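Quick notes on the structure that follows.
Every number here is computed from the coordinates shown, using simple stated rules; none is lab data. Treat the numbers as computed from the prediction; the structure is a model and nothing was measured. All Cβ positions, even for glycine, are placed from backbone atoms using ideal geometry, and neighbour counts span all protein chains on display.
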Amino acid sequence: MADVIWGLATSHVPSIGAAMDRGKTEDPNWKALFDGYAPARAWLAEHRPDVAIVVYNDHANGIDLDFVPTFGLGTAEQYEVADEGFGRRPVPDVVGHPELALHLVQSLVDEEFDLTVFQELHVDHGFTVPLSVWTPDPGDAWPCPVIPLLVNVIQYPQPTAARCYALGRALGRAIRSYPGDLTVGVLGTGGMSHQLAGARAGFINPEFDAWWMEAIHSDPAALAALSREELIRQAGAEGIELIMWLVMRGALDDEITKVHSDYFVPASNTAAGIALFDNRSGQPG
Amino acid sequence: MTTGTAPSTRQRGTSMSETAPDRFGLPGTPIFDGETSRRGLRMNKLFMSLRTAENRERFLADEAAYCQGFGLTPEQQQAVLDRDWQAMIDLGGSIFYVYKLAMMDGRSMQYLGGVFTGMGEEDFLAAMRAGGRRDG
Ligand SMILES: [Fe+2]
């Protein structure tokens, strides 16, 4: 069987990738963010999984508004890094894991999560920035094959927080039922509080973010109970994408060990958060 | 283990550029819903097309013709030609798509934040660096 060994929640703000690509990580506006990543990166470097799953959303790069799949999963052998308008990020293309991905599709559809299947997909910053948060210097290749799991968070109605959490739990079962021996890392991306448009642009809610950061560890059911309206009110119109953290959290055990977390404002117009959890039961962090 | 319920936020007053649809009655918070997306589809497709250099050149060579080619409404076309960012949102633009045009113009998300809030880019950026904006 396959085992989820860790879960990583992280913002996927494009400017975090840009700061890395342009060598600005020591810049005073950015240094504290990257310093806050260091303990997670060190731990992750010691705990490389065989496969990773990145739960993310596309931002008008890999898919457009012709199709708005609520949930999607990639079964390709390779994912090209998208050119979002001014050249692609200087990071490696992504090697997929079709065998595990096809197993996940089968298992999730059997559990009545009717996912859209992607056989070709250009992955944007929502996908590559979390990989860079994990692995700042990938060289020619990311540490392992990666499977994209897409969530519609940009067009209302987004899936409910409860549905995202339930999908995560089904994802965990699907991973554990894989016949091969694999270790898996799951990344839930996006957030934290932010709003990009409207007179409320620039909205940040550190009290809500602190509560979310604690509850994602110890009380995810409380997060899953939040309505869309409450999420938009508390986290901002774009902060609703925090629901993707719940897919990751659902794939982990009820009892998990926090390895590290950190919080930084602002990454562009966004509160950036990172939280890393060890999912190996009975093992010291 | 339980960590209680979400902390409450204060209600904010009405704000200046509140013309976008207001599904939840949250002031200054446009919600990109299915109806908005339907109205904005042609314009959002235009924005998405600007990812390629070839299309950006075609757009810049004759912006009006390019808008007509994508089937924008006259109001949408005017908003694009005028770089009226608030109008683009009001007429069905998704911020992630509108941002493609802003990037082409060399404008940042902080610039757009300065426009949407009426604060201007510099003050908006300063507010973000001071920890972001709050309700109330
Ligand atoms: Fe996002």
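The alpha carbon convex hull volume per residue for segment A:20-86 rounds to 163 Å³. Rg ratio for chain A: its Cα radius of gyration over 2.2 N^0.38 Å, N being its residue count, equals 0.91. Rg of the Cα atoms in segment B:68-136, relative to 2.2 N^0.38 Å, amounts to 1.23.
Among the chymotrypsin sites (Phe, Trp or Tyr not before Pro) within segment A:1-79, those in coil by DSSP and having at most 12 neighbouring Cβ atoms inside 10 Å are A:67.
When the alpha carbon gyration tensor of segment A:130-220 is reduced to an equivalent ellipsoid, the three semi-axes, largest first, read 28, 19, 14 Å.
Listed by chain and number, the lysines whose C-alpha is less than 25 Å from the C-alpha of residue B:100, apart from same-chain residues fewer than 8 away, are A:24, B:45. Shielding of peptide A:84-93 by partners, expressed as the average count of other chain Cβ atoms within 10 Å per residue Cβ, is 2. Dividing the Cα radius of gyration of segment A:1-149 by its Kirkwood radius returns 0.97 for Rg/Rh. Candidate cross-link partners of residue A:31 among the lysines, defined by an alpha-carbon separation under 24 Å and a same-chain spacing of 8 or more, comprise A:258. Hull volume per residue, based on the alpha-carbon atoms of segment A:227-276 and their convex hull, is 90 Å³.
With viscosity 1.306 mPa s and temperature 10 °C, the Kirkwood radius over alpha carbon pairs of segment A:80-136 converts through Stokes-Einstein to a diffusion coefficient of 121 µm²/s.
The label-point distance for residue A:45 and residue A:86, in a model that sets each label 7 Å from Cα toward Cβ, rounds to 3.0 nm.
If you plug the beta carbon distance of residue A:280 and residue B:38 into 1/(1 + (r/R0)^6) with R0 = 60 Å, you get a FRET efficiency near 0.80.
Can you tell me the FRET efficiency between residue B:84 and residue B:24 if r is taken as the Cβ-Cβ distance and R0 is 35 Å, rounded to the nearest 0.05?
Details: r = 25 Å, r/R0 = 0.71.
Once the sixth-power term is evaluated, E becomes 0.90.
So how far, in whole Å, is the C-alpha centre of segment B:23-91 from the one of segment A:205-229? If you average the Cα positions of each part, the centres end up 34 Å apart.
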